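A short write-up of the structure that comes next.
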Amino acid sequence: MSQAKSIGLAAVVAIVAIAAGILLARAVLDRSDAPTLAKATLIDPARPLPPMAFIDQEGKPFGPEQLRGHWSILFFGFTFCPDICPTTLALLAQVEKQLADLPQEQRPHIVLVSVDPKRDTPERLAQYVKSFSPSFTGITGEQEAVHEFALKMGVPVQISPLPGGNYTVDHSAAIFVVDPNGALRALSSTPHQVPIIAEDYRSIVAASPHS
């Protein structure tokens with residue numbers, strides 16, 4: 001990567017980090033009845049998600065209404081990712097199993113938001129996400145719209161050229177918990193661990209007015 005691109009990415013990451021820090025400093029719940037979380041950061045009041053108009057792995061529209069009426073966990077990644085994405089999705093599949101004893105309406109819907117729309121067609125996403133769990137959903141859209149959504153969620157995205165004309169996509173591996181109103185309720189950064197994610201998720205859901 002060129003020095004200019006490195007500086008540019010560093011600047012974006014720094015801006016996002018500062019903005020996220022200010023947001024979380026204002027949003028983190030500071031009450032005696034707040035759930036005790038092992039790692040995740042609770043956001044209260046829950047923050048509305050940025051505008052989104054994507055399609056899922058079946059080519060059907062996917063917008064805010066598809067995140068309402070149930071809990072969701074969002075993760076940003078791409079199907080050509082060599083390590084972090086498949087590792088995290090495999091981990092979330094284990095989290096899903098650990099939470100299978102919850103009532104149906106409290107179990108999380110796992111959603112992969114592709115940061116590589118150019119290569120991640122609905123057909124490819126369908127094959128990819130279903131290899132981890134038949135209940136997983138993959139969504140994609142126009143590259144500019146996806147990257148804008150990711151940036152507003154605090155996920156910087158950088159396309160980095162590789163030898164031979166190929167490229168990879170650098171992005172944050174944070175996971176986001178979305179409540180039944182389709183609003184951001186909590187987030188958790190790496191390193192991820194199955195028992196901790198599951199424990200925090202239970203605490204977040206139990207303390208929510210939606211439960």
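Where a number appears in this text, it was derived from the coordinates with a stated rule and is not lab data. Please read these numbers as outputs of a predicted model, since none were measured by experiment. Note that each Cβ is placed from the backbone with ideal geometry, even for glycine, and that neighbours are counted across all protein chains shown.
Mind checking which aspartates and glutamates have their C-alpha under 20 Å from Lys97, skipping anything on the same chain fewer than 8 residues away?
Counting by Cα, and skipping residues close in sequence, Lys97 has these aspartates and glutamates nearby: Glu105, Asp179, Glu199, Asp200.
Roughly speaking, what is the stretch gain from Ala53 to Thr36, that is 0.36 nm per residue apart minus the C-alpha to C-alpha distance, in nm to one decimal?
2.7 nm
Can you work out the FRET efficiency for the pair Leu162 and Gln127, with r the C-beta to C-beta distance and R0 = 30 Å, to the nearest 0.05?
E(calc), rounded to 0.05, equals 0.85.
If we restrict to alpha carbons, what Rg and Dmax does segment 57-116 come to, in Å?
12.7, 34
Averaging over all projection directions, find the projected area of the Cα convex hull of segment 88-211 and quote it in nm² with one decimal place.
8.4
Can you spot the lysines whose alpha carbon is less than 27 Å from Lys118's alpha carbon? Ignore those fewer than 8 places along the same chain.
Lys5, Lys60, Lys130, Lys152
How much length is gained if the chain between Ser135 and Asp101 is pulled fully straight, taking 0.36 nm per residue apart and subtracting their Cα-Cα distance, in nm to one decimal?
Taking Ser135 through Asp101 to full extension adds about 10.7 nm, to one decimal.
Per 0.36 nm of contour for each residue apart, how much would the distance between Arg68 and Thr190 grow if the chain were fully extended, relative to their Cα-Cα spacing?
Contour length minus Cα-Cα distance gives 41.3 nm.
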